[in-house]
Amino acid sequence: MGMTTELIVTALISAFGPMLWWYKDGHRVTPDGKTLLGYVGGRTPVNPFHTRVGLIWLFRLVPKWREVTIDGDTVKCQQSLVKVWFGLSMACVSLSALFLGMRYGPIAATLFVLSPWARNMVSWYTTQTDQPALVLGTLALLLSPEVGNPTNPAWVALVCAIGALFHERVPVLAAVWTWNPYCLVGLLPYLVLRLLIKPGSSMSHEAEIVDKPWQSARKASNQFPLYYHIVPLGLFWLGALGSIQCALAVGLAYAQCLVAWDRVRLYSWAIPFLLPGTIAVLATLEPGVAVLLSAGCLVAMHSVAERLKY
């Protein structure tokens, strides 16, 4: 398959693949989404959201979207804002698939869009900062075609700096994915915002996780058996190589679960690193075996992930 053909196939997979998970009645404004909508309406962001200002600033560009009413746990806003947010989530998943496919090939784009992670971001957990953060993280990965030797360090650092405005994990995980220290320069905006912006008080629906993150995360973790935290990565464990880089990529992805309730959408941040190893292992198998193994793993992954719904 030529490069042009691969790019066309990757683009088609990226554009239409996420639509597998798009269903009208499946969307909801998540607790984090309510929190972010409150900030669009003028509330002072609470820690750690006070540094994740990218979406807040973006949505505030439209004056009518600033009309957000908060009454206890009820948040009312313009329906157009929610619809745009859902559409943005879909577009971000498609772009992330495209960048991963351009970096590792069409199979990488296919495995990504078929994963519970993509389903999570399109159907279950749409109103988040994760989607634009992932786009910028995968773009940084694309700009670093050789490990430790990016084509343009300044561009990589800039992309990670913008990514940090959506989530501080972007520069850190991108640095591990690419083994490229320039990504860590992207933490500068995050550190500046932590110094300049004083966090506000939490809303009632987020008080437990915001005020007592360690305790609430442990409580949430105890609700599910251990395999619930392993199976949703399923097939991608094939790419887990015995290296310091792998240990950091997987370890940091799972470490997020120490301070948050979410599981699938957090530890799935190891996937961009695990993808090339997974593809390499599948390539050593007979095509029929590889397809059956992939299909079986994906079914098991989605079965468990659907029970978690995050």
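Bear in mind these aren't lab numbers, they're just calculated from the coordinates by the rules spelled out. No experiment lies behind these values; they were computed from the predicted model shown. All Cβ positions, even for glycine, are placed from backbone atoms using ideal geometry, and neighbour counts span all protein chains on display.
The range 52-72 to the range 250-287: how many Å between their Cα centroids?
Between the Cα centre of the range 52-72 and that of the range 250-287, the gap is 32 Å.
Tell me, Trp261, Trp269, Trp124 in order of fewest to most beta-carbon neighbours within 10 Å?
Starting with the residue having the fewest Cβ neighbours, the order is Trp261, Trp124, Trp269.
Angle between the Cα long axis of helix 271-283 and the longest principal axis of the chain, 0 to 90 degrees, nearest 10?
The two axes meet at around 20 degrees.
Quick check for me: using +1 on Lys/Arg Cβ and -1 on Asp/Glu Cβ, what's the dipole size of the range 22-126 about its Cα centre, in debye to the nearest 20?
For this selection, approximately 160 debye.
How tilted is helix 3-16 with respect to the longest principal axis of the chain? Cα atoms for both, answer in degrees (0 to 90, nearest 10).
40
Which of Leu274, Leu282, Leu226 moves most in a GNM of the chain, Cα contacts under 10 Å?
Leu226
Out of (i) 225; (ii) 190; (iii) 138, which label holds the value of volume of the Cα convex hull per residue in Å³ that was computed here?
(iii)
For the chain, please report how many Lys pairs fall under 27 Å Cα to Cα, leaving out neighbours fewer than 8 apart on the same chain.
Final tally of qualifying lysine pairs is 22.
Under 1.5 on a/c is rounded, so check that first for the range 86-197, then, if it is not, pick prolate when a/b is larger than b/c and oblate when it is not; a ≥ b ≥ c are the square roots of the alpha carbon gyration tensor eigenvalues.
Taking the square roots of the gyration eigenvalues as a ≥ b ≥ c, the range 86-197 is oblate.
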